[in-house]
1. Looking only at region 23-38, count every residue that is aliphatic (A, V, I, L, M) and farther than 18 Å from ARG68 by Cβ and tell me the total.
Amino acid sequence: MFSKARRAFNCGMTNQDALSPLQQAIETLGGPSAAARFLNITPQAVGQWRRAPAERVLEIERVSGVPRHELRPDLYPSPEAAA
């Protein structure tokens, strides 16, 4: 089975295009183990995430720089939409 990044490469997409905002945040931090260290949780917890947990969105934004409205648009509307 190919990874999502590998499938994206095969489809002509860039690696950045293939990653969700949560995946971008994790990769920005250096992978699941590094993200877990930044967040003071286990790598296994990070590996179980399918979307950013509501209680961790602000912390993930702070350490990764990925905006909260990209991590969880259901909780944090885009600033453009609020204006």
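The values are calculated or read from the model by the stated rules, or taken from the named source; none is laboratory data. Just so we're clear, the structure is a prediction, and the values are computed from it rather than from any experiment. Every residue, glycine as well, gets a Cβ built from its backbone with ideal geometry; the counts of neighbours run over all protein chains shown.
1. Taking region 23-38 as the starting set, the residues that turn out to be aliphatic (A, V, I, L, M) are 25-26, 29, 34-36.
Still in the list and also farther than 18 Å from ARG68 by Cβ: 34, 36.
Count: 2.
To keep it simple, each residue is scored yes or no on (1) modelled with pLDDT of 95 or more; (2) surrounded by 17 or more Cβ atoms within 10 Å (Cβ to Cβ); (3) hydrophobic (A, V, I, L, M, F, W, C); (4) within 23 Å of SER78 (Cα to Cα).
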| residue | (1), (2), (3), (4) |
| --- | --- |
| THR14 | no, no, no, no |
| PRO21 | yes, yes, no, yes |
| GLU27 | yes, yes, no, yes |
| GLY30 | yes, no, no, no |
| ALA36 | yes, yes, yes, no |
| THR42 | yes, no, no, no |
| GLU55 | yes, no, no, yes |
| LEU58 | yes, no, yes, yes |
| GLU61 | yes, yes, no, yes |
